[in-house]
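*Asks:* Dropping a structure here in structure tokens format, bear with me for questions.
The values are calculated or read from the model by the stated rules, or taken from the named source; none is laboratory data. In this text the structure is predicted, and so the values were computed from the model without any measurement. Reconstructed Cβ throughout: ideal geometry from the backbone, glycine too, with neighbour counts over all protein chains shown.
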Protein chains: 2
Amino acid sequence: MSIHFLREIENLKKKILAVSSVVEESIARSIAAVIKHDATLARQVAEGDDEINEMEVDVEEECLKILALYQPVAVDLRFVVAVLKINNDLERMGDHAVNIADRAAYLATFPKLDVPPELDEMARRTQTMVKHSLDALVESDTELARQVCAADQEIDQYNRKMHVLIQDQMRSNPDDIDRLLHLLSVSRQLERIADLATNVAEDVIYTVEGTIVRHRVAALDN
Amino acid sequence: MSIHFLREIENLKKKILAVSSVVEESIARSIAAVIKHDATLARQVAEGDDEINEMEVDVEEECLKILALYQPVAVDLRFVVAVLKINNDLERMGDHAVNIADRAAYLATFPKLDVPPELDEMARRTQTMVKHSLDALVESDTELARQVCAADQEIDQYNRKMHVLIQDQMRSNPDDIDRLLHLLSVSRQLERIADLATNVAEDVIYTVEGTIVRHRVAALDN
């Protein structure tokens, strides 16, 4: 492949990393909005989603341009197709961050709920998964990608724990059920983000090794 | 483009329609399993997921083959890339059907819950959206695709209604909270399937018209 093609690929890597870093920031803020009971922060996440959407469209156009101009084959073709799919996954993670922020905005209109401290740690680990899945892509690092896949099980465990804790709160305070359902949704959205990061990592492994690790049994995301 | 290319595209259309019809069947069965309290039916859905996964891998390989062999550009390139993305969306719908079936299997181990009759209608409309979004793809029918996008709002309304109904049940029967959360999850999974069908329809509009209708404001999926 030509030097022009390689330059385009480097440029594409930079662009997809930039999308990822905005998405990570968006996840971090949305969770901070829940924990700090902060409606202003929640609004910022919703407003920032336009930027993610524009970046997604830009990356997709870039991929189509590369396919049309350079007509890559074999591993190069797989890489561009992987970026197309991963780009889509990142945009969906951004949507989940907006969903979390919507919950935060709603919860902020009521007195503060007791948020289980596990939520913060769960969010931090989810963000790390997102970051590592993209690092794995740009470095073709299948070892790191496999760590992301393994970390998904921890997030599933956090989600199950949150379910148990929040269900207990529901039974003791039936009047809080509505708000507690919103809090439960936050945990579930994080679990979905972790699933999407795992999809990314699986696509990285496939692109590099040609091994399909998709289609593991999905955990119950209540 | 050559006659070979056109034949490959026709073949690809047949394959993606076949994936869709298996996914639709899987959704129908998973909901029947919930409504009829039928663990056997639920198991069949989980077992059928392997077939969907294999079909997805096959369609993706087919797309990569077409890109590498025929190096399509412009609208042909967009079509193949759209199929790649839609294929991914269909596989995710299949995962949601498995999630619904998992709920059905769990619920079947307890006495039968009162399932709001709206759930059946919601499921039927969601299946129609899936079918229409794929028909829109193979017929390049943007009018039908727009109907799918519009129908998504009805499904969001059904989901909100289910939330209200099930929250009421939770407050009156706190002992049923655990099972009712599973039932609520069924409604939410349907809402996610409808979202994915809407993604498909939006990709169809983009492929045919070059108009981006993605990134509408997502409804709260509790």
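*Asks:* Might you let me know whether the range B:195-204 holds any residue that is within 12 Å of chain A (Cβ to nearest Cβ) and within 15 Å of B:LEU119 (Cβ to Cβ)?
*Replies:* The answer is no, given that none of the residues of the range B:195-204 is within 12 Å of chain A (Cβ to nearest Cβ) and within 15 Å of B:LEU119 (Cβ to Cβ).
*Asks:* Look at A:ASP89 and say whether it is more than 8 Å from chain B (Cβ to nearest Cβ) and at pLDDT below 95.
*Replies:* no
*Asks:* Within the range B:80-100, identify whether any single residue is on the phi > 0 side of the Ramachandran plot and either buried (at least 21 other Cβ atoms within 10 Å of the Cβ) or not polar (S, T, N, Q) (or both), and answer yes or no.
*Replies:* Scanning the range B:80-100, I find no residue that is on the phi > 0 side of the Ramachandran plot and either buried (at least 21 other Cβ atoms within 10 Å of the Cβ) or not polar (S, T, N, Q) (or both), so the answer is no.
*Asks:* Could you please find all residues in the range A:24-54 being among the β-branched types (Val, Ile, Thr) and either at positive phi or facing chain B (nearest Cβ under 10 Å) (or both)?
*Replies:* The one that is among the β-branched types (Val, Ile, Thr) and either at positive phi or facing chain B (nearest Cβ under 10 Å) (or both): A:ILE52.
*Asks:* In the range A:92-120, what residues are free of Cβ contacts under 8 Å to residues at least 40 places away in the same chain and either over 21 Å from A:MET162 (Cβ atoms) or of a type in the set (Gly, Ala, Ser) (or both)?
*Replies:* Result: no residue meets the conditions.
*Asks:* Only residues that are under 30 Å from A:VAL80 (Cα atoms) and β-branched (Val, Ile, Thr): list them for the range B:24-76, please.
*Replies:* B:ILE52, B:VAL57, B:VAL59, B:ILE66, B:VAL73, B:VAL75
*Asks:* With respect to the numbered conditions (1) of a type outside the set (Phe, Trp, Tyr); (2) closer than 22 Å to A:VAL200 by Cα; (3) surrounded by fewer than 21 Cβ atoms within 10 Å (Cβ to Cβ), which one is the sole condition not fulfilled by B:GLU47?
*Replies:* Result: B:GLU47 passes all but (2).
*Asks:* Sticking with this one: Output the residues belonging to the range B:101-116 that are surrounded by fewer than 23 Cβ atoms within 10 Å (Cβ to Cβ), closer than 19 Å to B:ASN159 by Cβ and in contact with an Asp or Glu (Cβ under 8 Å, 6 or more places away or on another chain).
*Replies:* Within the range B:101-116, B:LEU113 is the sole residue that qualifies.
*Asks:* I'd like the full set of residues that are without any contact (Cβ under 8 Å) to a residue 60 or more places away in the chain, of a type in the set (Asp, Glu) and more than 9 Å from chain B (Cβ to nearest Cβ), limited to the range A:55-86.
*Replies:* Within the range A:55-86, A:ASP58, A:GLU61, A:GLU62 meet the criteria.
*Asks:* Another question, if that's okay. Among the numbered criteria (1) more than 9 Å from chain B (Cβ to nearest Cβ); (2) in contact with a His (Cβ under 8 Å, 6 or more places away or on another chain); (3) in a helix (DSSP H, G or I), which one does A:LYS112 miss?
*Replies:* (3)
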